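The values are calculated or read from the model by the stated rules, or taken from the named source; none is laboratory data. Just so it is clear, the model here is predicted, and its values are computed rather than measured. Neighbour counts are summed over all protein chains in view; Cβ atoms, including those assigned to glycine, are modelled from backbone coordinates with ideal geometry. Quick note on the areas: whole protein, heavy atoms, side chains included, nothing else; ligands and nucleic acids left out. Shrake-Rupley method; radii C 1.70, N 1.55, O 1.52, S 1.80 Å.
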Amino acid sequence: MTTHSTDVDGRRVVIVGGGTGGTVVANKLADALRGELEAGAVEVELVTDTPDHVYKPIFLYVAFDRKSVADSRRPHREILDRRVDCRLDHVTAIDTDEKRLTLEDGDSLGYDYLVIATGATLDPEAVDGLAEGGHHFYTADAAETLRDELATFTSGHLVLSTVGITHMCPAAPIEFALIVDDWLRERGRRDDIDFTYTYPVDGAHTIESIDDWVTPLLAARDIALETDFEVDSVDPDREHITATDGRTLEYDLLVTIPPHVGGPIVERAELGEEWIEVDNHTLEATRAEDVSALGDVTDVPTSKAGSAAHYQAGVVADRIASAVRGQTPTTTYDGRTLCFVEAGLDEATFVSFDYDLDPVVRPPSQFVHWAKLAYNESYWLTARGLL
C-alpha cells in the first residue's frame, strides 16, 4: 500500500470503499486523467479497510461448494491502475465543510472531490434472535458455515426468509430458493425436506415481472410461499420464526436475507438518514458540495446490484474528470441495471431495466447460466475498468 503526505499542490480525488463501485471509479479516473496524473497535477487515492477486493456474488456458490472463498478475492494492487494510490485504513469521520477525512491510524486526509462507495452493511441484530438463529450467504464466513449446514441437512423444514426488502442483489432469495431445490433433488433429499419461502410484501418479489415469473415456479417445485411475512423475531432455542402479525413457522434450518443499512459512514458524514442521499442522475450528494456516492450505500431508486454500481461508476468518473478540468459535467445516470438470475443449478435468466424501462424476465436457459458463470470469471476485467 502507498502512503504519503496528506496535502498536495494539485487536485486530489479521494474514493472511500474498495468494492466494485469504488474500484471502477478509480480505474476510470486514472484513464480519463492520465495526463494530469503523470504531470502530478491530480492525485487519485482509494481508501479501503480491507486488504482484498471482494466479489461478493461468489458467496452464493460457496454455499453449495461450487466455488471457494479464495475465488472471490484479489489484492487491491492487482486490480487498481498503477497511477491510483491505495491506502489501507478506516475512515472514522468525514468533515464535508473542511473537506477532510479522519482515519483510524490518527492521520487525516484532505480532498477536493470525495467519492463514497462503501456498500451496504448487514444488520441482523435489528431483529431479535436473527443473528443467532439464521444463516445467510452474504459474507465469506457465513457462506462457509451455511455450506457445512447444507452438507448434513437431510430432512426437516427449510425456511428461506427475506427479512429486509432493501438488500444486496435483489434476486438473491429467488436464486437461493431455486438452486437449493435443484441441489437437494440432485442428492435425493428433497422428498424428506419441507421448504417454505417467506417474503415481507404481498408477493414473492417486489418487482412485478419477477413475481409473476417465480410465483408459479415456486408452486411447481412444491415450495410453500408465505407473503406479507414481516419477521418480528427468531427464537433459536425453539427454532421458531415469528411474523409481526403473529404467524409462526417452525424450522430445522433457517436461511435469511438479513436487513441491510447504509452503515455508520452515512451518519458520520451527515449525508443522509439511512442511506446517502444523492441526485438520481448525477449521483452527487444533496447535502454536501463536491461529494458523490454510488452503489449500495445510496438511496438511488434502483437495485443494489453490482451492475448498477458499475454503470454509476462511469458516470461519477466522467463528471469528476470534467470538473477537474474546469468543464461543466454533462454525463448522467439513467438507472441502468442488469441482473443475472440463477433459476436452478443449470439454468438462468436475466433482467435489464432503467428508470423508464420496466424489467422483463426472459425464459431461463442453460446458455444464460453459462454466461453468468463466464461473467463471474471475467469480473476482474470489469473491476479494472476494461469491460
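Given contacts defined as C-alpha pairs under 8 Å and at least six residues apart, what's the relative contact order of segment 124-251, whole-number percent?
28 percent
In degrees, nearest 10, range 0 to 90: what is the angle between the Cα axis of helix 366-383 and the longest Cα principal axis of the chain?
30 degrees
Within segment 108-150, find all residues whose amide N lies under 19 Å from a label point positioned 7 Å from the Cα of A70 along Cα-to-beta-carbon.
Correct set: 140-145, 147-148.
Could you give each residue of segment 249-257 its phi-based ³J(HN,Hα) in whole Hz, using Karplus coefficients 6.51, -1.76, 1.60 with θ = phi - 60°, and x for Gly or Pro?
For segment 249-257, the Karplus-derived couplings read 10, 7, 9, 9, 9, 10, 10, 10, 9 Hz, x marking Gly and Pro.
Kindly state, to the nearest 0.05, the FRET efficiency for D354 paired with R325, given R0 = 30 Å and r defined as their beta-carbon distance.
Once the sixth-power term is evaluated, E becomes 0.60.
Given a cut-off of under 8 Å on Cα pairs at least six residues apart, what relative contact order in percent is computed for the chain?
18 percent
Using the Cβ atoms and a cut-off under 13 Å, what net charge is assigned to the surroundings of L150, where Lys and Arg are +1 and Asp and Glu are -1?
-3
Where a ≥ b ≥ c are the square roots of the eigenvalues of the C-alpha gyration tensor, would you call segment 124-251 rounded, which needs a/c under 1.5, or, failing that, prolate if a/b is larger than b/c, or oblate?
Cα axes put segment 124-251 in the rounded bin.
Would you mind checking the tilt of helix 172-186 against the longest principal axis of the Cα atoms of the chain, expressed as 0 to 90 degrees and rounded to 10?
The two axes meet at around 40 degrees.
First obtain the Kirkwood hydrodynamic radius of segment 1-159 from its Cα pairs, then insert it into the Stokes-Einstein equation at 4 °C and 1.567 mPa s, and state the resulting D in µm² per second as a whole number.
73 µm²/s
Computed FRET efficiency, Cβ-Cβ of S233 and T206, R0 25 Å: what is it to the nearest 0.05?
Working from the Cβ atoms, E equals 0.65.
Once you treat every alpha carbon in segment 195-334 as an equal point and sum by Debye, what is log10 I(q)/I(0) at q = 0.14, 0.18 Å⁻¹?
-0.82, -1.03
Can you send over the solvent-accessible area of S365, 1.4 Å probe, protein chains only, in Å² to the nearest 10?
Per-residue accessible area (S365): approximately 30 Å².
Sequence neighbours fewer than 8 away in the same chain don't count; with that in mind, list the lysines whose C-alpha is under 28 Å from K99.
The reachable lysines, counting only those whose Cα sits under 28 Å from K99, are K28, K304.
When you count, for each residue, the other Cβ atoms within 10 Å and take the mean per peptide, how do 93-103, 136-146, 15-25 rank with the highest first?
15-25, 136-146, 93-103
What does the accessible area of D52 come to, in Å² to the nearest 10, when a probe of 1.4 Å is used?
Looks like 40 Å² after rounding.
Check the straight Cα-Cα distances from K372 and name the aspartates and glutamates below 12 Å, setting aside those fewer than 8 residues away within the same chain.
Correct list for K372: E342, D346, E347.
Kindly express, to the nearest 10 degrees and within the range 0 to 90, the angle between helix 208-220's C-alpha long axis and the longest C-alpha principal axis of the chain.
The angle comes out near 30 degrees.
Roughly how many debye, to the nearest 20, is the charge dipole of segment 46-189 about its Cα centre, given +1 on each Lys and Arg Cβ, -1 on each Asp and Glu Cβ, and no other charges?
720 debye
Normalising by the residue count of segment 1-130, find the relative contact order in percent from Cα pairs under 8 Å and 6+ residues apart.
33 percent.
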